[in-house]
Amino acid sequence: MRSRKLKRLVSVTSSLLAAAGALMAAAGSQQAAAQTSDLVSKTAFRVCADPANLPMSDRSGKGYENRIAELMASKLGLPVEYTWFPMATGFVRKTLQANACDVVIGFAQGDELVLNTNHYYTSSYVLIVAPEGPLGGVTTLADPLLKDKRIGIVAGTPPATHMARNGLLPKAKGYHLMVDRRYEDPADDMLADLESGALDAAILWGPIGGPLVKASHPKLKATPLLSETTPPKLFYRITMGVRQGEKVWERKLNSLIRRNQSEINAILADAGVPLLNDMGTGPLEAQQ
């Protein structure tokens, strides 16, 4: 009899401890969710951005990422509030992770520094040339017409690997990757060198090169590099970046992106960003 009572007591005690543990876990989860939610401002759409990164963003609000930020903020009924910092080493740590702001408008999918939203566009690197020149029809870095040509390339970017494979580096001119664009502008310098004749061709990330050609270098032509058959890939999906763990905020932004995709596309197209289908195999229109 005493043994059965003892077993019953142990069983009841175990059940109570399990229930208490579940309640504590639920309370802890709710508290963590509340704390995460509290990090995101409820009075402003707080954007982390580079103050001198045209055509993407700048302090005057002329970049296409500024326009996308304004669109998102208007749908939330909030004003835009910026934290400015050069898009270089320490950008995420000193802005988003420091809770100085809540979203980076443009961030490559898969980067572990942030929690990525769903992508809102896909683009690629572009080859920029004079359209009427001998390179006007080139669509791949494996084209023999590029042999012995002077090509501008941002050091350390994926197209440099393709250039090395195709023997295009000996006469290439490298430009810096990580810079403070308030003091150095590799993309504009490269296009100026191309127009002056110091280069025969230039390779830039399409969301930079496309808009710069459209706005300031109309005599040049930007061709998306979609025909490379070996790694690394030259197209990327672009998301918005939020702090790790902020799933509620991520889902809210995903909903905003989905419901306003056509307006986002219009902003990007107006700026001159090459928009591709999700697989990076052709223009976005071919997917529709």
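The values are calculated or read from the model by the stated rules, or taken from the named source; none is laboratory data. Worth saying up front: this structure is predicted, and the values here are computed from it rather than measured. Reconstructed Cβ throughout: ideal geometry from the backbone, glycine too, with neighbour counts over all protein chains shown. In case anyone asks, the SASA skips ligands and DNA or RNA and just uses the protein heavy atoms, side chains included. Shrake-Rupley method; radii C 1.70, N 1.55, O 1.52, S 1.80 Å.
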Just need a number here: residues in the range 267-288 that are within 17 Å of GLU70 (Cβ to Cβ) and open to solvent by 60 Å² or more (accessible area, probe 1.4 Å).
1
Does LEU145 satisfy being more than 30 Å from CYS48 (Cα to Cα), open to solvent by less than 50 Å² (accessible area, probe 1.4 Å) and not charged (D, E, K, R)?
no
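For the range 121-142, which positions are of a type in the set (A, V, I, L, M), open to solvent by less than 40 Å² (accessible area, probe 1.4 Å) and more than 22 Å from ALA108 (Cβ to Cβ)? Show your work before the answer.
Step one: list which residues in the range 121-142 are of a type in the set (A, V, I, L, M), which gives 126-130, 135, 138, 141-142.
Retained after the next criterion (residues that are open to solvent by less than 40 Å² (accessible area, probe 1.4 Å)): 126-129, 135, 138, 141.
VAL129, LEU135, VAL138 - these are the residues of the range 121-142 that are of a type in the set (A, V, I, L, M), open to solvent by less than 40 Å² (accessible area, probe 1.4 Å) and more than 22 Å from ALA108 (Cβ to Cβ).
Among the candidates SER3, SER74, which residue alone is open to solvent by less than 80 Å² (accessible area, probe 1.4 Å), assigned to a helix (DSSP H, G or I), at pLDDT 95 or above and hydroxyl-bearing (Ser, Thr, Tyr)? Please lay out each step first, then the result.
Values: SER3 fails: at pLDDT 95 or above.
That would be SER74, the only listed residue that is open to solvent by less than 80 Å² (accessible area, probe 1.4 Å), assigned to a helix (DSSP H, G or I), at pLDDT 95 or above and hydroxyl-bearing (Ser, Thr, Tyr).
Determine if the range 62-70 includes at least one residue that is part of a loop (DSSP other than H, G, I, E, B) and outside the structural domain of LEU177 (by the TED database).
yes
Regarding LEU113, is this residue open to solvent by less than 30 Å² (accessible area, probe 1.4 Å), in a loop (DSSP other than H, G, I, E, B) and of a type in the set (A, V, I, L, M, F, W, C)? Reasoning before the result, please.
On the way: open to solvent by less than 30 Å² (accessible area, probe 1.4 Å): no; in a loop (DSSP other than H, G, I, E, B): yes; of a type in the set (A, V, I, L, M, F, W, C): yes.
Spelling it out, it is not the case that LEU113 is open to solvent by less than 30 Å² (accessible area, probe 1.4 Å), in a loop (DSSP other than H, G, I, E, B) and of a type in the set (A, V, I, L, M, F, W, C).
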Would you confirm whether or not the range 229-236 contains a residue that is open to solvent by 50 Å² or more (accessible area, probe 1.4 Å), touching a residue at least 40 places away in the same chain (Cβ under 8 Å) and within 18 Å of the chain's Cα centre (by Cα)?
yes
Looking only at residues in the range 79-93 that are within 18 Å of PHE45 (Cα to Cα) and outside any loop (DSSP other than H, G, I, E, B), which one is least open to solvent (accessible area, probe 1.4 Å)?
VAL92
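Please determine whether any residue of the range 251-258 is outside the structural domain of ARG165 (by the TED database) and closer than 23 Å to PRO283 by Cβ. Let's see the steps before the verdict.
Going residue by residue through the range 251-258, those that are outside the structural domain of ARG165 (by the TED database) are 251-258.
Cutting the leftovers down to closer than 23 Å to PRO283 by Cβ gives us 257-258.
Taking every residue of the range 251-258 in turn, at least one turns out to be outside the structural domain of ARG165 (by the TED database) and closer than 23 Å to PRO283 by Cβ.
Can you say whether PRO218 is open to solvent by less than 80 Å² (accessible area, probe 1.4 Å) and not assigned by the TED database to the domain that holds ALA108, as far as the supplied structure shows?
no
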